[in-house]
Amino acid sequence: MFNIFQVGTIGFLTSTLFGFSGTATAQELMLFELPLQGIEIESDASGEWERIFATGIQPVEFPDRRGINTAQKIAEQRAKAEIVKFFDQQMSAETIVNEMESTTQVSTRQQGTAGDSFDKESQRALATSLSEVLRSYSSSNLRGVMVLESGYDETSEEAWVKVGISKASIAMAGDAKAFVAGSRVDSAGTAQSQGSHNDQYKAVVAQPSEVRNGRELPGSN
């Protein structure tokens, strides 16, 4: 059984997600789409999954380079979250009833030529409230996720990021993790420093629409 990811001790996806097994070719791949969730699943003719895609969308408040980059980072997290929510989501419903009773007593004294008189008045108030609480929770460790495409639409002022996972990318991530865990990294020769990026924005400069493509998700084709 081949696990895509695990959520605690339960949520996991296997290569028999659709209850079938087989070997897919590029010509035999079928696409299963969930447009409202931004999920796409490629499977072979027998129903075995090959690749899974998710697209996240985020509005851009300030359409300059900094604003677009920030929105794309959020969109990437949304895309990953959609994969997690699709395969494992814990839902709970809770009904809460609160009942409160309060009693008040008011004393009144009246003075006059005929003498003093005292009056007492007691009041009881009963309040009842009913509320229903719905909770949804998802958690997972994704492996082999690749950013495939990112872009910005200046017409709708929305940024998007498309991510994907496949059997090949999961296997590659597992092999890389095992290699790093069993090897000593040479800080002088192996580790490469990433150059710092200095952002200098003195004004908001609107950016045009764009599409940036990453590496193709490895799969059967």
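Nothing in this text is a laboratory measurement; each read-out follows from the coordinates by a stated rule. Only a predicted model underlies this, so the values are computations on that prediction, with no experimental measurement involved. Neighbour counts are summed over all protein chains in view; Cβ atoms, including those assigned to glycine, are modelled from backbone coordinates with ideal geometry.
Please tell me if ILE74 is over 18 Å from the mean Cα position of the chain (by Cα) and not small (Gly, Ala, Ser). Give the steps one after another, and end with the answer.
Details: over 18 Å from the mean Cα position of the chain (by Cα): no; not small (Gly, Ala, Ser): yes.
Answer is no for this residue.
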Answer yes or no: is there a residue in the stretch 105-115 that is of a type in the set (A, V, I, L, M, F, W, C) and more than 15 Å from GLY151 (Cα to Cα).
yes
So, in the stretch 114-139, how many residues would count as being surrounded by 10 or more Cβ atoms within 10 Å (Cβ to Cβ) and of a type outside the set (S, T, N, Q)?
1
Take the stretch 106-152 and flag every residue that is basic (Lys, Arg) and in a strand (DSSP E or B).
ARG109, LYS120, ARG124, ARG135
Identity of the residue in the stretch 70-113, over 30 Å from ILE57 (Cβ atoms) and of a type in the set (Gly, Ala, Ser), that ends up surrounded by the fewest Cβ atoms within 10 Å (Cβ to Cβ)
GLY112
